[in-house]
1. Would you call residue 66 surrounded by fewer than 18 Cβ atoms within 10 Å (Cβ to Cβ), in contact with a helix residue (DSSP H, G or I) (Cβ under 9 Å, 6 or more places away or on another chain) and at pLDDT 95 or above?
2. Let me spell it out: the conditions are (1) surrounded by fewer than 20 Cβ atoms within 10 Å (Cβ to Cβ); (2) part of a helix (DSSP H, G or I); (3) within 16 Å of the ligand (Cβ to nearest atom), and residue 47 meets all of them except one. Which number is the exception?
3. Mind counting the residues in the stretch 129-153 that are within 16 Å of residue 179 (Cβ to Cβ) and part of a loop (DSSP other than H, G, I, E, B)?
4. Whether any residue in the stretch 106-124 is within 16 Å of the ligand (Cβ to nearest atom) and buried (at least 18 other Cβ atoms within 10 Å of the Cβ) is what I want to check.
5. Among the numbered conditions (1) in a loop (DSSP other than H, G, I, E, B); (2) out of contact with any helix residue (DSSP H, G or I) (no Cβ under 7 Å at 6 or more places or on another chain), tell me where residue 72 comes up short.
6. Can you name every residue in the stretch 75-103 that is away from the ligand (no atom under 16 Å from the Cβ) and part of a strand (DSSP E or B)?
7. Output the residue which, of all residues in the stretch 136-158 that are free of Cβ contacts under 8 Å to residues at least 60 places away in the same chain and surrounded by fewer than 16 Cβ atoms within 10 Å (Cβ to Cβ), is farthest from the ligand (Cβ to nearest atom).
8. Inside the stretch 159-186, can you point out the residues that are in contact with a strand residue (DSSP E or B) (Cβ under 6 Å, 6 or more places away or on another chain) and either within 15 Å of the ligand (Cβ to nearest atom) or part of a strand (DSSP E or B) (or both)?
Ligand SMILES: [Zn+2]
């Protein structure tokens, strides 16, 4: 199997796993995998992850996002993923989620402290909230790009969601899980000190919805 085919299939598998775990919130979220130095594979725009096939995955040239192959229209966040790959040559995977509790945390506009040992090791430190910009804009890619550090694999986007990076798709997905756990732990601690806070309770209720 060609490396392009392998990448397409890995992206489909991972998108379904993330959707199963509730991290993509319907057709929200998207992901990208570096195929080689020149090409990336990206999920198609607003697609049903359960109906998507490897042929729907878009292959783009990293340098200018020109679509080289794939039936779908590339995700509106392709520019965001490209920005991540250019800033982080060590990463092959970039996953943008609308994961429920970490996304709720972005409304607070404050960095998420990371305390668990594995989370600290895999995420790299406390997670910043990048400034708000509308989805799918170069402005959003630029705001997240300004936050990117070589030693940090998770970024929150104000009033929106998260971007998680990894050397592999598996690594990036583990960062997604750990980020969600840290956000849950933050709200649980916050609720313990302010049990009447409806916003905190509402954030955790997203888990069961
Ligand atoms: Zn989004």
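1. Here the answer is no, as residue 66 does not meet what is asked.
2. With respect to (1) surrounded by fewer than 20 Cβ atoms within 10 Å (Cβ to Cβ); (2) part of a helix (DSSP H, G or I); (3) within 16 Å of the ligand (Cβ to nearest atom), residue 47 is out only on (2).
3. Total satisfying the criteria: 5.
4. yes
5. Failing condition for residue 72: (2).
6. Listed by number, the list holds a single entry, 93.
7. Selected residue: 151.
8. Residues satisfying the conditions are 161, 162, 163, 164, 165, 166, 176, 179.
The values are calculated or read from the model by the stated rules, or taken from the named source; none is laboratory data. Computed from a prediction, not measured in an experiment: that's the story for all the values here. With ideal geometry, Cβ positions are generated from the backbone for all residues, glycine too; neighbour counts draw on all protein chains shown.
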